[in-house]
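All of the numbers you see were taken from the coordinates with simple rules; none came from a lab. Here the structure is a predicted model, which means the values were calculated and not measured. Every residue, glycine as well, gets a Cβ built from its backbone with ideal geometry; the counts of neighbours run over all protein chains shown.
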Amino acid sequence: MYNRKESTLPTVRGDRIVELDIIRGVALLGILLANMPLFSYPYPYFELLHVSLWNDSWNRFIMLFLNVAVVNKFITIFSFLFGLGFIIFMERLKLRGERPVVRYVRRLLFLMLLGVLHSTYIWYGDILLIYSVFGFILLLFRNRSPKVLLNCGVALLLVSALLLALQTFAFDNRLAIELAPAEQLEQAADQSITVYQTGSFAEMINQRSTDSDIISVSMFYTAILSLGMFFIGAYAGKRGYFRELDKHRQTVKSAWIWSAAIGLPFLAIQFALKYTIDSTHTGLNLAQVPALLIASPAIAIFYITSLLLLLRTALGQRVLAPFAAVGRMALTNYLLQSIICITIFYSFGFGLFAQVSPWYGLLLAIAIYGLQLVLSNLWLKRYPFGPLEWLWRTATYGKLGANRKR
């Protein structure tokens, strides 16, 4: 829960909903796990070619785990939190008699700048730019009713399913191969390995542009899915579910039961269609679409409500409390993950691109996150905001705020 303050700038703890910080912190671990194959080897190229650098049973199991339990689930959580945070931000500033639209536009423009810099000079899988652009769309619906927001969210999920179905149909009918023959994809994958292992920084910028083109279709689908979850998160914000969690305890329990009942079976269906049935069959591939559509948002809500229920126990609070610091510094930690990973895998660092298997990538992701967990808690003992969070606040409010604890 949060308390309204009279000061222009939000307070450090009084205005924060600790449960959301914890959920955001846990989601950052999932995002790093999902992104590690993209950081460590030319995964998008091999995915299109239906081949892998590592075909042993253990590494195949790791990729299976990531694809079923992680991929699309935690970015969906982040998207939900973005929409929820939008409503909380707007309502707080409105209560203070401030100009929430002006401040939120500044907030989005700063996020857009970071997204451009991140995608151009650091890593091609950036999500910040998409979030900032779609944030302007969400801004247009700030005064809409919860029902309208929910309907928009559901409609966008359906649109994303249709787009994914069209994409799947195109690939299964060899349209993709005509546009990008297997030989060209293999050459592009080899070029990616060469550039990231031994290339110059300028060559990497060009390579990132090529990589962005390769994932553009899937990123477009992800973007529409994210926008849908923006609206669903905004719906939850309008309904006030996270302002008084004790009051909505039964709602959380019901959401947990229903999300599990819906999400887990469809997750099993998605797994069966993708990993145990002939993946070259067009009809079966198209059948994955509703499974993926329903599984990702439902499992995301299942994860969120599971964390909320765990936080009602003493053990859950003790175990999960440290994750709040990572969540409070989410922007800093998201970009720090990219910086650490490209230092490990690219030529200007250790040059280990395409040399780390999914299993070791999983261990590496856990180690990196563990480091972030420690550093975030140490940092927030001395400073009220993470470094990028402080800059973000400065851009939002147009004045420098103190970033040292009294």
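So, counting K/R as plus one and D/E as minus one, what does the shell of residues with Cβ under 15 Å around Ser145 add up to?
+4
If I model a spin label at Leu140 and Asp246 as a point 7 Å from the Cα along the Cα→Cβ vector, what separation in nanometres do I get?
Output for this residue pair reads 4.2 nm.
From the phi of every residue in the range 303-309, what ³J(HN,Hα) in whole Hz does the Karplus formula 6.51 cos²θ - 1.76 cosθ + 1.60 yield, where θ is phi - 60° and glycine or proline is x?
So the J values, rounded to whole Hz, are 4, 4, 5, 4, 5, 4, 5.
Given points 7 Å out from each Cα along the Cα-Cβ axis, report the Leu49 to Asn206 separation in nanometres with one decimal.
Calculated label separation equals 2.1 nm.
Under the definition of Cα pairs under 8 Å and six or more residues apart, what whole-number percent is the relative contact order of the chain?
Relative contact order for the chain comes out at 31 percent.
Using the number of other C-beta atoms within 10 angstrom as an exposure proxy, rank Tyr131, Tyr360, Tyr196 with the fewest first.
The fewest-first ordering by Cβ neighbours comes to Tyr360, Tyr131, Tyr196.
Calculate how steeply helix 216-239 sits against the longest principal axis of the alpha-carbon atoms of the chain, using the helix alpha-carbon long axis, and give the answer as 0 to 90 degrees to the nearest 10.
Here the helix axis deviates by roughly 20 degrees.
Mind checking the dipole of the chain: about its Cα centre, +1 per Lys or Arg Cβ, -1 per Asp or Glu Cβ, Debye to the nearest 20?
Result for the chain is approximately 2840 debye, rounded to the nearest 20.
Does anyone have the angle between helix 18-40 and the longest principal axis of the chain? Alpha-carbon axes, 0 to 90°, nearest 10?
The answer is roughly 20 degrees.
Quote the FRET efficiency, to the nearest 0.05, computed for Leu117 versus Arg312 with a Förster distance R0 of 35 Å and r equal to the Cβ-Cβ distance. Intermediate values should be presented prior to the final figure.
Details: r = 40 Å, r/R0 = 1.15.
Here the calculated transfer efficiency is 0.30.
Short version: ³J(HN,Hα) in whole Hz for each residue of the range 387-392, in order, from phi by Karplus 6.51 cos²θ - 1.76 cosθ + 1.60 (θ = phi - 60°), x for Gly and Pro, what are they?
Result, rounded to whole Hz: x, 6, 5, 5, 5, 4.
With volume of the Cα convex hull per residue in Å³ as the read-out, I listed [x] 231; [y] 200; [z] 143; which label goes with the value calculated from this structure?
[z]
Only counting other Cβ atoms within 10 Å, I'd like Tyr334, Tyr41, Tyr383 sorted with the fewest neighbours first.
Ascending Cβ contact count within 10 Å gives the list Tyr383, Tyr334, Tyr41.
Grab the other residues whose beta carbon is less than 10 angstrom from that of Leu309, score K and R as +1, D and E as -1, and report the net.
Summing Lys and Arg as +1 and Asp and Glu as -1 gives +3.
Ordered by residue, what ³J(HN,Hα) values in Hz, to whole numbers, does the range 351-367 give under the Karplus form 6.51 cos²θ - 1.76 cosθ + 1.60, where θ = phi - 60° and Gly and Pro are x?
In residue order, the calculated couplings are x, 9, 4, 6, 10, 10, 6, x, 5, 5, x, 4, 5, 5, 4, 5, 5 Hz.
If we count other beta carbons within 10 Å of each Cβ, what is the order of Ser338, Ser226, Ser79, fewest first?
So the ranking, lowest neighbour count to highest, is Ser338, Ser226, Ser79.
Just want the answer: with Cβ charges of +1 for Lys and Arg and -1 for Asp and Glu, which residue in Ser52, Val116, Leu331 is farthest toward the dipole's positive end in the chain?
So the residue we want is Leu331.
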